[in-house]
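Report on one structure; see the data block that follows.
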Amino acid sequence: MQHANQGAAPDLNGSGLRIGIVQARFNAHITDALTRVCVQELHSLGIADANITRLTVPGALEIPIALDALAQRDEGEEFEFDALIAIGCVIRGETYHFELVANESAAGITRVALGMNIPIANAVLTVENEAQAEARISKGAEAARVAVEMARLLEQQRQ
């Protein structure tokens, strides 16, 4: 069975899309940079500032509930957002807490995406140290591209 978009270049035209971003404030110097790069990429893909909504939450564990709030819609109505982006940074410490936060944050983000049927680009970095986090700031731009591509893909599938 052949799929319509198999081998095709992704549709990265973000014109008219509405994107919600949830950014954790913990490790803010990293998450601010991720968000800045993400928003710059959204602009380069044709998304106007007026179509980008940003929320901040304390840390990575709070990201899923904020995403869920953004994904809510009234029965039968369209989503307010075409895609969402999760931005955070979890740096390993000396305790098990790192695994808990990293795993539960990712699982929560996935539950919201699947439960609400809305694409969520996950740019929650899980790293060993600050240097690794700084080396991965470009993940913000990657998340923007993923959000646009998945919003367009789902748009096509819903037609």
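The values are calculated or read from the model by the stated rules, or taken from the named source; none is laboratory data. For clarity, every value in this text was computed on a predicted model and none was experimentally measured. No Cβ is skipped: glycine too gets one built from the backbone with ideal geometry, and neighbour counts run over all protein chains shown. The protein model used for the area step is the full one, side chains on, heavy atoms only, and it has no ligands, DNA or RNA in it. Shrake-Rupley method; radii C 1.70, N 1.55, O 1.52, S 1.80 Å.
One table, with the values for the structure above:
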{"read-out": "Flag for Val112 being part of a helix (DSSP H, G or I), modelled with pLDDT of 95 or more and among the β-branched types (Val, Ile, Thr)", "value": "yes"}
{"read-out": "Ala131 of a type in the set (A, V, I, L, M, F, W, C), surrounded by 18 or more Cβ atoms within 10 Å (Cβ to Cβ) and not in a strand (DSSP E or B)", "value": "no"}
{"read-out": "Among the candidates Leu100, Leu70, residue that is of a type outside the set (Ser, Thr, Tyr) and in contact with a strand residue (DSSP E or B) (Cβ under 6 Å, 6 or more places away or on another chain)", "value": "Leu70"}
{"read-out": "Checking Val112 against (1) open to solvent by 60 Å² or more (accessible area, probe 1.4 Å); (2) touching an Asp or Glu at 6+ places or on another chain (Cβ under 6 Å); (3) not small (Gly, Ala, Ser), the condition it does not meet", "value": "(1)"}
{"read-out": "Selection from region 77-97 of residues that are at pLDDT below 85 and not acidic (Asp, Glu)", "value": "Phe79, Gly93, Thr95, Tyr96, His97"}
{"read-out": "Residue match in region 117-127 (condition: farther than 22 Å from Val39 by Cα, open to solvent by 40 Å² or more (accessible area, probe 1.4 Å) and either assigned to a strand (DSSP E or B) or not hydroxyl-bearing (Ser, Thr, Tyr) (or both))", "value": "yes"}
{"read-out": "Residue among Gly93, Gly46, Gly14 that is free of Cβ contacts under 8 Å to residues at least 12 places away in the same chain, part of a loop (DSSP other than H, G, I, E, B) and not aliphatic (A, V, I, L, M)", "value": "Gly93"}
{"read-out": "Close pairs (6 angstrom Cβ cut-off, 6 or more residues apart or separate chains): modelled with pLDDT of 95 or more in region 140-159, open to solvent by 10 Å² or more (accessible area, probe 1.4 Å) and part of a helix (DSSP H, G or I) anywhere", "value": "Gly140/Val37; Ala141/Val37; Ala141/Glu41; Ala144/Glu41"}
